[in-house]
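Inspection log for the structure reproduced underneath, given as structure tokens.
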Amino acid sequence: MGRSYRLPRPPAAPRRRRPWLLYLAVLLVAAVAAVAFVSLRREWQRRIGQSRGQTIFELVEDTVPSRPTETPGVTAWLHLELKRFRQTIADPATARRYGEIADWHDDASLPPFLAGLREALVLPPPRPPAGDVPRPLPAAALGGLPGEDEPRPRMRVQRWVELHGRWFALTRRRTLDREDLGDLEAPSNRFLLAATHHLLAVSDALRAELGRHPLPPVPGRRPPWLVRVYAVSEDGTLVSAPLAPGPDDPGNPADANNPADANNRADPAARKAAALGEGREFRKLPELPNFVPNEFVFRFDPEAPQARVYWSGLYLDLGGQGVVATLLAPIRDAGSGYRGTLAADLGFDFDWQAFAAHVEPPMSAEVVRLRAPAREPWRPWAAMAAQGPAAAPGELRATVAALAATEARTGRPVHPFYLYHGTVEGRGAVAALQVAATTWLVTLFPATRSSFALLPAALLGLLVVLLLGAFEASRRRTEGAQLAAELALAEKQNLLNTMQVPLMVVDPNTDEVIYGNQAAASLGIAAGTRAGDMVVDEPRARAHYARMQTAETGMANARRAYGVPLRVRGESGALETRHAIVRSVAVTAPIAALRADQRHRLGVLFLLEPATDLALWSGELVAATRADERRRLAGLLAHGVDTLARVLAHCLESGGPADAAQAEFNGWLAGYLERRVLATSWLLEHWDAQPPLPPDCSIEAAQARATVDSWRAVFARVRADPRLRSRLHWDNGVLAEPSPATREVLDARIDWPDAYWFASPVRGGFGFFLGEVLINAVRHGRPGTVPSLAITLDPVRRELLFAVENELPDGAADTAPDAERAAESYGGRRLLERLAHLCDWHDLRFERQCDRPVPRFEVRWRVPVSERGDPSAAD
């Protein structure tokens, strides 16, 4: 086991330090939480003020048509919701057109798809013929109640007039009213005369334009339709021509809830009903001198009105026709004194149920369909509470019911109007808007108050408490883990010291040893030394150590195990070379006892004994290497040398006196056998060499012919001697069957001019190669056939093409072509391939030609040649 060492006393446990920094961090978190609590409250109050300011800004910044209403906030809210309605339209083209209407800010022009109506609105007023004045009509003549034309305590009067079979509704101040409409001395009557003729022409032109160019559906499935065409004088006189669309009018869809659109649109009774309903609407707001305020219709320079059409934007119609937009054109006729404003109202189709569903919370809305009031005045909140849908939100229904109860308690009915507004203490405000003749949009604006975020504040305090507890628990776990790690490390150190396993810590950047245990110190490995200096001063060992010490990323390279020879101190104290296996791992966390951090690597050395440990690995390798060398030598000797030796022995053993030819053949064969041995020795020595090799001799055509003739003589002698043929194991080849003595044993065709030659790196190599190929053709050919040898010169490429062929015996064509590939590494084919490679011969191929009528085996290769120059000619 080696030397014995006294184990060191385990170091005393370090004094535990209180984590004051941890407690300070907890106090800092508590202070930050308090500051965050105060900041949250201030930010919460600031955000409330910002939301309130943003709401007021949107109501103030947005521009809505000036209408006579006591609730401008509701009107502004509706206008904003109408602009937001674009987001709910699925069709992009319809959404774009609706955006042009809702977001059109140039009130002195029209949206693009309404530009065709401009020419009709700017038509010059016609000259009415003398005596063609409108005729007054009572309400009873139009199918209304007899008492509707009775005077009432109003500042305005409402009348109906008829011209050319068309009915108009008229409202003007009581001081301007004249019973005799033919009295043209009154300015109001002159305006009525010009306005009725002008409205007839413009309404016909508008209907014709819509017939030629129908408007696209926007925003609903119906296109916009003409509600009315009217004229307003500077004194407040209003003359309206309500339009009852006919069945052939493509721009005017039917609305089942609108009495003006009921039944047959071309029926005169329907037009009379539309005119009567228009007059009823004029009875609203009886305390105002003008039904339409001047600031709504007179939006141009009165001194120089231009022939242009102005756009009002979307708003809720005072006449109860829902959401409309007004097209305004100034009128100024110097000849007749006809001055004022011509206007046309366009109605738009909305899916009010979808509109109510997309109202942003906390507001809630519902659509209510009411029957027309039986008489005036009436109680709208009671009607809405009674006829409202049961599916309406509960808070909305409760607020409307509270308003209905207040209305019943006070007993004060109201006149029909297009907007009603009421407030319920503790609940909020409710606004009812008439979006069609009998369709109302009821919206609740709840009175909500913002409350302080007590739950987040409580959760924040709980978070601080949990944080303190988690810190304390983490501190205790850390101390316990640290103590356990120190004890475990001390045990491992004691174990390594007991087992005498060297342990060291190395900085891979500087190759400096940071720490070494007792076993490492006994080998001369101490802190401050360089680990690379222990490696044996041998290039391969140093290169291997440098490669293994290269820093790489990834978990696959965090651990390494490699072997390296080291120069360490032996038991005698002198340096000696020892092979060691190094187990190296990266330090992932600081180890105070070893003075190691994340930059270092931890290494363990296992020294090997050459006589025992290394012999287990090297013994098998040495045995395999020796066996491989023996197989190589046996293969080289078995191919070529044994055949020629047996032939020479047979020739020398034959009885009787030897003639001169026999003696000459025996001498050649002995010399050739010597060259074969030398060629075999050269091949064995240069087996792993790479061409080109230095040339040793040159091969010419005469040498090739002599070699072929010698092999022909050898084959002829073997054919004539059955005992020799059996001795050479050639009984199954081409010489197995007797053949006429006059028949050649080898068919050689040599086209090799004497002027061409090639170099060989070994003397006898060409004969070795050619003899092996010819012996293979004779040994494995069909009995009774003659192998062929063809040597052809390719003068263009300067190459000799060698080809040796023999017919295959019966059944040989059915074997696998690569059967010979399974032979030993140093078989006949492998020897020829290696010799051709060393001689730098090209395209050596062994092929079976089984597609021929007679299967054949071919061996082909190419040899580059050089041409001998004329020695007497200058170069």
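Derivation of every value follows stated rules applied to the coordinates shown; laboratory data play no part. Nothing here was measured: the structure is a model prediction, and the numbers come from that model. Here the Cβ positions follow ideal geometry from the backbone for every residue, glycine too, while neighbour counts run over all protein chains shown.
Where a Cα-Cα gap under 23 Å defines reach, which lysines qualify for Lys272, not counting those fewer than 8 residues away within the same chain? Partners found: Lys284. Per-peptide packing, taken as the mean over residues of other Cβ atoms within 10 Å, places 403-412, 38-47 in the sequence 403-412, 38-47 from highest down. Subtracting the Cα-Cα distance of Ala205 and Leu489 from their residue separation scaled by 0.36 nm leaves 91.9 nm. In this calculation the C-beta distance from Arg369 to His213 is compared with R0 = 35 Å, giving a FRET efficiency of 0.55.
Simple point charges give the picture: +1 on the Cβ of Lys and Arg, -1 on the Cβ of Asp and Glu, and for the stretch 462-524 a dipole about the Cα centre of about 320 debye. Subtracting the Cα-Cα distance of Leu468 and Asp333 from their residue separation scaled by 0.36 nm leaves 39.8 nm. In this simple spin-label approximation, Glu674 and Gln387 carry label points 7 Å from Cα along the Cα→Cβ vector, and these lie 13.8 nm apart. Taken along the Cα-to-beta-carbon direction at a fixed 7 Å, the label points for Glu571 and Asp107 span 11.4 nm.
Residues within the reach of a label modelled at Asp267 (point 7 angstrom out along Cα to beta-carbon, backbone nitrogen below 18 Å), restricted to the stretch 163-185, are 167. Placing dummy labels 7 Å off each Cα toward the beta-carbon, the span from Glu833 to Thr410 is 11.3 nm. Note on Ser698/Ala521: beta-carbon distance plugged into 1/(1 + (r/R0)^6) with R0 of 60 Å gives a FRET efficiency of 0.30. The string of couplings for the stretch 764-771 from the Karplus curve (6.51, -1.76, 1.60, θ = phi - 60°) is x, x, 5, x, 4, 5, 5, x Hz, one whole number per residue in order, with x for Gly and Pro. Under the combined filter of DSSP loop state and at most 14 neighbouring Cβ atoms within 10 Å, the stretch 118-214 retains these GluC sites (Glu not before Pro): Glu179, Glu185.
When you count the other C-beta atoms within 10 angstrom of each residue and take the mean per peptide, 749-760, 773-784 line up highest first as 773-784, 749-760. Per-residue packing, averaged as other Cβ atoms within 10 Å, sorts the ranges 218-230, 710-722 into the order 218-230, 710-722, beginning with the highest.
Please give the contour-minus-distance gain from Val32 to Arg178: 0.36 nm per residue of separation, less the Cα-Cα distance, rounded to one decimal in nm. Can you show the working numbers first?
Values: separation 146, 0.36 × 146 = 52.56 nm, distance 8.20 nm.
So the extension gain works out to 44.4 nm.
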